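What follows is calculated from the coordinates using simple rules that are stated; it is not laboratory data. Owing to the predicted nature of the structure, the values given are computational and were not obtained by experimental measurement. Glycine gets a Cβ as well: all are built from the backbone with ideal geometry, and neighbour counts include every protein chain shown.
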Amino acid sequence: MDISFSLEAFEGPLDLLIHLIEKNKVNIYDIPIAMITDQYMEYVSQMQKLQMDNISEFLVMAAYLLKIKSQMLLPAPAAEEEEDPRAELVERLLEHKMYQYASVTLKDRQVDAAKHLYRSESLPAEVAEYREEVSAEDVIGDMPISELNRIFQEIMKRREDRVDPIRSKFGRIEKEEINFSEKVRKIQEYGIAHRHFSFRTLLATARDRIEIIVTFLGILELIHLGCMFIKQNRLFDDFEIDYVADKFVEIEQFA
């Protein structure tokens, strides 16, 4: 069978054999050794005329193919079952194809990796070195501020529900001024006396909206100063407060 092909550059004889097998569309496990050998020899003869680099490898393979071809032409004894002379060649070709596929895969990965660009860290030094004086996590742990606000709003709503809608409109009620530092001192007295109490119970001692707000701010200030710690055992439960200070903390600057 005649087949025409241009003289291509192959890295080795196995590359050439795989090219011929694929071009002729033959089964690699049942190679027509006579046809492939003839085409291989035609290529080597043209190769000898054009270049001499690595020609020795191709000549060694040519001799090996001729040996296989001669073994297949000789009749085998009927009583013996000899191994197919092409078996070793097929094994070498399959192994070579496996490495070819692996090299293509690695090359594709290299090309894909070259498309990834990374930028170096470019934060200003003053930003990278900044540290908060007091971390919110150290103050309230894993309890969100939203939960504190929810309980606060719930208490405020209960206070509004207790107001008589008719009597509350009679007369004029004067608001009592509340001293923040004095209120914080009362919270400390309550904390030293009780040590462990609930957030809702403490807010419930307030008389009106203003005192509730001042009490709430006082609690946050004492948490900030480390005089008390707050925790929540389960979601949506009341907050439990532990008062840990043994003496009063003066905060006259808030008076």
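Tabulated data
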| item | result |
| --- | --- |
| Global form of the range 184-246, assessed from the alpha-carbon gyration tensor, a/c cut-off 1.5 | oblate |
| Net charge contributed by nearby residues that have their C-beta within less than 12 Å of residue 93 (K/R +1, D/E -1) | -2 |
| Gain upon complete extension [residue 248, residue 99; 0.36 nm per residue less C-alpha separation] | 45.7 nm |
| Low-density loop cleavage sites - trypsin sites (Lys or Arg not before Pro) in the range 55-125, where at most 11 other Cβ are within 10 Å (DSSP) | 115, 119 |
